[in-house]
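Everything on this sheet refers to the single structure shown next.
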Amino acid sequence: MLKHIIQNHHSIAYRISGKGPCLLFLHGFCEDSSMWDNFSIGFQESYSVLRPDLPGFGISEAYETISVEAMAEALNAVLENEKIENCVLIGHSMGGYIAMAFAEKYAAKLKGLCLFHSHPFADSEEKKQNRRKTIEFMERWGSAAFVKELVPKLFAKSFVQGNAEFVSKFSARAEDFPQKGIIAATRAMIDRPDRSEVLKVLKCPILL
């Protein structure tokens, strides 16, 4: 079921299905909640599966500026709207950075944390500079040109060769995301702190 809430004057979209304890799946950069569609089907008989579109992606509204902390607050607003007291949180890539911000602020709401192709560390200076170059590229050439270059690199070459139509549709969907949302998320990743210490004090199970 597709739902929306208004948080800080912006619409946040999410999908919820199934019944039982909550599994919250967070997508990565230039993705949206649809990436979990097939993956999550097997969980829906035993769990409530919650899949938000992060701000600026999917059909959630984009901010001019946002932080990973603000995106974590948006997740909490979704949980409160559904009256969900706790969840197992699975964050893919950028979703893992937001999951770490959530874990720092709302640790009591976590029954488990999974960083899926992600990590708790801040960007290196080299990585920050590369992200700044990405922003400059998008400001000059547009985000669609960036996405066309990015998406094939998210998959193994053998997968791209054997699944050209899938990768093309994935890219076309991401090209529709608002440029300001992609840039805001890129800046949020640059600015995020190291949260490796958070993992040391969490009381819930952790999967990397």
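Is it the case that some residue within the stretch 27-34 is over 15 Å from the mean Cα position of the chain (by Cα) and either surrounded by fewer than 18 Cβ atoms within 10 Å (Cβ to Cβ) or free of Cβ contacts under 8 Å to residues at least 40 places away in the same chain (or both)? No. Among helices (runs of 4 or more DSSP H) entirely within the stretch 143-208, having at least 3 residues that are under 26 Å from A108 (Cα atoms) and modelled with pLDDT of 95 or more singles out 179-191, 196-201.
Yes or no, residue by residue, for (1) under 14 Å from R173 (Cβ atoms); (2) part of a loop (DSSP other than H, G, I, E, B):
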site	(1), (2)
I5	no, no
Y14	no, no
S34	yes, no
S40	no, no
L50	no, no
I59	yes, yes
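In the stretch 76-94, how many are more than 23 Å from L154 (Cβ to Cβ) and surrounded by 18 or more Cβ atoms within 10 Å (Cβ to Cβ)? Steps first, please.
In the first step, residues of the stretch 76-94 are kept if they are more than 23 Å from L154 (Cβ to Cβ); the result is 76-88.
Subsequent filtering for residues that are surrounded by 18 or more Cβ atoms within 10 Å (Cβ to Cβ) retains 78-79, 87-88.
So the count comes out to 4.
When N76 is tested against (1) farther than 29 Å from R131 by Cβ; (2) in a helix (DSSP H, G or I), exactly one condition is not met: (1). Beta carbons closer than 7 Å, at least 6 apart along the sequence or on distinct chains, pair a first residue in the stretch 189-208 that is closer than 24 Å to E126 by Cβ with a second that is aromatic (F, W, Y) and in a helix (DSSP H, G or I) for M189/Y97; R192/Y97. Between R187, R173, the distinction of being under 16 Å from the mean Cα position of the chain (by Cα), basic (K, R) and over 21 Å from N130 (Cα atoms) belongs to R173 only.
Within the stretch 66-73, can one find any residue that is touching a helix residue (DSSP H, G or I) at 6+ places or on another chain (Cβ under 6 Å) and more than 24 Å from D194 (Cβ to Cβ)? Quick ask: steps written out before the conclusion?
From the stretch 66-73, those touching a helix residue (DSSP H, G or I) at 6+ places or on another chain (Cβ under 6 Å) are 66-69, 71-72; that's our starting set.
Right, trim to more than 24 Å from D194 (Cβ to Cβ) and you get none.
The answer is no; no qualifying residue exists.
Considering the stretch 87-135, and only residues there that are of a type in the set (S, T, N, Q) and not in a helix (DSSP H, G or I), the residue that is nearest to the chain's Cα centre (by Cα) turns out to be S93.
For E45, are the conditions met, namely being within 25 Å of A174 (Cα to Cα) and either at pLDDT 95 or above or not in a helix (DSSP H, G or I) (or both)? Give the steps one after another, and end with the answer.
Details: within 25 Å of A174 (Cα to Cα): no; either at pLDDT 95 or above or not in a helix (DSSP H, G or I) (or both): yes.
Criteria not met by E45.
Among the residues of the stretch 132-162, the ones that are under 20 Å from G56 (Cβ atoms) and surrounded by 14 or more Cβ atoms within 10 Å (Cβ to Cβ) come to 12 in all.
The values are calculated or read from the model by the stated rules, or taken from the named source; none is laboratory data. Keep in mind that this is a model prediction, so the values were computed, not measured. For neighbour counting, all protein chains shown are included, and Cβ atoms are generated from backbone atoms with ideal geometry for every residue, glycine included.
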